[in-house]
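Data first, discussion second: the structure below is written as structure tokens.
The values are calculated or read from the model by the stated rules, or taken from the named source; none is laboratory data. Note that the coordinates shown come from a computational prediction; the quantities given were computed from them, not determined experimentally. Glycine also receives a Cβ, built like all others from the backbone with ideal geometry; neighbour counts cover every protein chain displayed. The accessibility values were calculated without ligands, DNA or RNA, using every heavy atom of the protein model including side chains. Shrake-Rupley method; radii C 1.70, N 1.55, O 1.52, S 1.80 Å.
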Amino acid sequence: MSRSRPPPLVTGISPNEGIPWTKVTIRGENLGTGTPDLIGLTICGHNCLLTAEWMSASKIVCRVGQAKNDKGDIIVTTKSGGRGTSTVSFKLLKPEKIGVLDQSAVWVDEMNYYDMRTDRNKGIPPLSLRPANPLGIEIEKGQFPQKDLEVLFPGMSADFTSENLSAAWYLIENHSNTSFEQLKMAVAHLKRQANKKSEGSLAYVKGGLSTFFEAQDALSAIHQKLEADGTEKVEGSMTQKLENVLNRASNTADTLFQEVLGRKDKADSTRNALTVLQRFKFLFNLPLNIERNIQKGDYDVVINDYEKAKSLFGKTEVQVFKKYYAEVETRIEALRELLLDKLLETPSTLHDQKRYIRYLSDLRAPGDPAWQCIGAQHRWILQLMHDCREGCARDLTGTSGLHSAVSDPDSDARPPALGHLGHTASLKRGSGFQSGRGDAWRYKTPQRVAFVEKLTKLVLSQLPNFWKLWISYVNGSLFSETAEKSGHIERSKNVRQRQSDFKKMIQEVMHCLVKLIRGALLPPSAAEGGVRPGTGREVKAELSGQWLAHVIQTLRLTYESLTALEIPSDLLQTIQDLVLDLRGRCVAATLQHTAEEIKRLAEKEDWVVDSEGLTSLPCQFERRVVQSLQSLRGVLECRPGEASVFQQPKTQEEVCQLSINIMQIFICCLEQLSTKPDADVDTAHLSVDVASPDLFGSIHQELSLTPEQRLLIVLSNCCYLERHTFRNIAEHFEKHNFQGIEKITQVSMASLKDLDQRLFENYIELKADPIVGSLEPGIYAGYFDWKDCLPPTGVRNYLKEALVSIIAVHAEVFAVCKGLVPRVLSRVVEAVSEELSRLMQCVSSFSRNGALQARLEICALRDILAAHLTPESRSSFKQALEALPQLSSGAERT
């Protein structure tokens, strides 16, 4: 006969040992296609098919019967697969005999109990009964371990009623200390008992043989008399007469004993009713006990009692039992509703939820209470999040609420964790600069930041239990084994749909969280303008970069906590997107705030110069920018799963423009300082470095700065910015992975050079114009005429005055920044030589003495300023000399 399926294979049994009638669960492969396909099931050689309950192709539930063997295999036989095999075995334990009045910690199976009154085992054939003490001598229990005896006598038993009785095991266990003489007496006792059993039935038949014969003779005589009587007589037959006599006797007896018999029947009825009440008091008292246990919260007791009542009276046909069982069902239905209400009640702990779900599954509640609990918990989390928002809004009644922020950067609060920023070791100048603000602002948390912290804390307190509840729902740990096999749980009908629905729940929670945080922190779109449509409420001001960084850290910790729950990353992507947007806004806000601080640096210029002609302003500027970048280190750092802030071109362009704006704002501050009126200059702390020349000491003595001196100081700062500061800042930008650094450097350098050139031209105009303007009046002072002059005896005073003025410029520039001396004097000399060339070319004619005088002065001036001549100034001096008449003699040339 061909088989359509592989033979059954048993791979597990739970429990793997127990007494007869123990309920076991058999697991394996190919255990049949249904109940009709299962045709055989043996455990330890006993047929258990009658109690078998087929659950699936891998699971069968049954009860172990009275088996001959103490240990054996589990064999399943099916129509489709034939006789199977087993890789596990079951051990049958010896049951303890418990009487009807004995106390027991477990529910005793009443199918087979030991009756102490009649000393017989109900349900077991009489031939298997044996005396409790077969040897007839006193039993003395030994102290030998049971496990050692099982190893010593494998497959045997010490039970006197077992077919595998081991006499040696029985004697060791019960008579280990008995003497040899007593054992002889026991042998004699066994022989007497055997003789009694062999002679007992035969002697009983011999003793009653005469009685049997007398009864046989009487029955034969009565039969013959009835046949001979006939039915011809009027009175009828003998049997008819006998019937009439008996009826009269019965009526007379009823008349005499009716009252007595009635009382007896009533007493019997009462006695029977009391017996029934006593015997079935469990069912009659169960409705009241259920109510009491529900009030005390002992739901486990209620469920156990209900299961027992259902197994005993669930299919009863007795009307009184059906009535009381219906009352029990009514109480259980009310309990189901009560447990479902408690399950859906919020807030509730995960432990209570699992407990109520298990109770409802044991009670076979309709529907899917576990999924209803998941849905209620989802709605509860969403409600808590919205209540959190409304609560924060109520706390801010009368203010701009979550849609407002402190607009003054100085009054904006900072998080304590971000309050202290380290200084760069390369910054050696201006280290004594200190902010004038106190530390009180550091501990004032903005309402919007407090709202985000409260909201994330709420989510982290609720979502883990929500996720664990779902995991327990999926793996089936919420349900008891009884409920799992009952087939009433709907969760197995559409698991894929449940997974899809739960994924939507998580996405909805994440979307709500991100939406609330976005609404509280990020500014609205530009299309909304300055006022939200229909609200009349001003748009909220942005948080500072420090608080945004604090919020980003909070969200990152939230993401890590949710990831630790093994929630799929695609469900948490919205949080990553929010963090990316906040990081971009944090960088922009920090750079904007830095720009605002740079604007106020001009107010902090004290004009204290060092030996290189620099003030603390460039170092303050560099330190502010570096501190700003350091505060963004954690924000710009990419955590696992995060993208770079600069991956979007729009963010790159915005950050690049803000960086350029910071540079240009500081350049504007320098320009503002260079043109600041004297009355606005704070000279209360004016001083110079000890290494500065004494010539500049007059500035300290006069306690005032001239416009030319301010220009020189600003020019010196511009030179330092170009050579050091801007390059250092560019390196820090590159270190923090900023994009467009080349553009930032180029634009900033171009603006700085433009300012430097304009300031330099202003200074040259202030210094060179007076010198140039004094040349022509000095040359023609005293009605001097080139055509009619005395022989030259030396250079005239105008030339000396011009040289003195040039020396004064040299001293002034050298006192501030000696690096500017060549650049300034070269331009001054160019202006003087150009003017002198123009004046010489304008002379119509020279006398011999005039030509000598002019040549002397031009050559003297050229030679004195030879160190600062440029090609332009050399050309001007050459043109001036060419305008003079040529010398005629060698004496004149010398």
Neighbourhood charge, 13 Å Cβ-Cβ cut-off, centred on Gly782 and excluding it, Lys, Arg +1 and Asp, Glu -1
-1
Expressed in angstrom and rounded, the centroid-to-centroid distance over alpha carbons for segment 641-660 and segment 770-841 is 56
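In whole percent, how big is the carbon plus sulfur part of the accessible area of segment 9-92, probe 1.4 Å, protein atoms only?
Values: 1940 of 3860 Å².
Ligands and nucleic acids excluded, carbon and sulfur give 50 percent.
Accessible area per residue of segment 9-92 at 1.4 Å probe, in Å²? Spell out each step's value before the answer.
Numbers: 3860 Å² over 84 residues.
Spelled out: the 1.4 Å probe surface of segment 9-92, per residue, equals 46 Å².
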Summarise the accessible area of segment 139-178 (1.4 Å probe, protein heavy atoms) by the percent that is carbon and sulfur.
57
Averaging over all projection directions, find the projected area of the Cα convex hull of segment 781-883 and quote it in nm² with one decimal place.
6.5
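Using only the C-alpha atoms of segment 554-652, find the volume of their convex hull and express it per residue in Å³.
Values: hull volume 12.2 nm³, N = 99.
Each residue corresponds to 123 Å³ of Cα convex hull volume.
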Accessible-area order for Ser611, Ser833, largest to smallest, probe 1.4 angstrom, reads Ser611, Ser833
Using a 1.4 Å probe and ignoring any ligands, DNA or RNA, find the accessible area of Glu317 and quote it in Å² to the nearest 10.
140
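Counting Lys and Arg as +1 and Asp and Glu as -1, what is the net charge of the other residues whose Cβ lies under 13 Å from the Cβ of Glu259? Don't skip to the end; give the middle numbers.
Values: positive: Arg263, Lys264, Lys266; negative: Asp254, Asp265.
Summing Lys and Arg as +1 and Asp and Glu as -1 gives +1.
What net charge do the residues around Leu629 carry, taking every other residue with its C-beta under 12 Å from that of Leu629, with Lys and Arg at +1 and Asp and Glu at -1? Mind dumping the intermediate values first?
Details: positive: Arg623, Arg624, Arg633, Lys735; negative: Glu622, Glu731, Glu734.
Cβ neighbours under 12 Å give a net charge of +1.
For Asp788, Asp298, write out the residues from largest to smallest accessible area, computed with a 1.4 angstrom probe and no ligands counted.
Values: Asp788 120, Asp298 60 Å².
I get Asp788, Asp298, largest accessible area first.
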Is the shape of segment 139-178 rounded, prolate or oblate, going by the alpha carbon gyration tensor and its root eigenvalues a ≥ b ≥ c, with a/c under 1.5 for rounded and a/b larger than b/c for prolate?
oblate
What whole-number value in Å² describes the accessible area per residue of segment 780-894 for a 1.4 Å probe?
53
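What order do you get for 255-267, 857-869 when each peptide is scored by the mean count of other beta carbon atoms within 10 Å, highest first? Mind dumping the intermediate values first?
Values: 255-267: 10.2, 857-869: 16.8.
Going from most to least packed, we get 857-869, 255-267.
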In segment 244-342, carbon and sulfur make up what percent of the accessible area (probe 1.4 Å)?
54
Mind ordering 627-639, 180-192, 545-557 by average Cβ neighbours within 10 Å, highest first?
545-557, 627-639, 180-192
If you count only protein heavy atoms with a 1.4 Å probe, what accessible area per residue comes out for segment 244-342, rounded to a whole Å²?
70
Radius of gyration and Dmax for segment 244-342's Cα atoms, expressed in Å?
21.8, 75
Of the options Thr590, Val608, Phe621, report the single residue whose Cα projects farthest towards the positive end of the charge dipole of segment 582-631 (beta-carbon charges: Lys, Arg +1; Asp, Glu -1).
Thr590
In Å², nearest 10: area of Asp37 left accessible to a 1.4 Å probe:
10
Students sometimes get this wrong: rank Val655, Val301 by accessible area, probe 1.4 Å, all chains present, largest first.
Val301, Val655
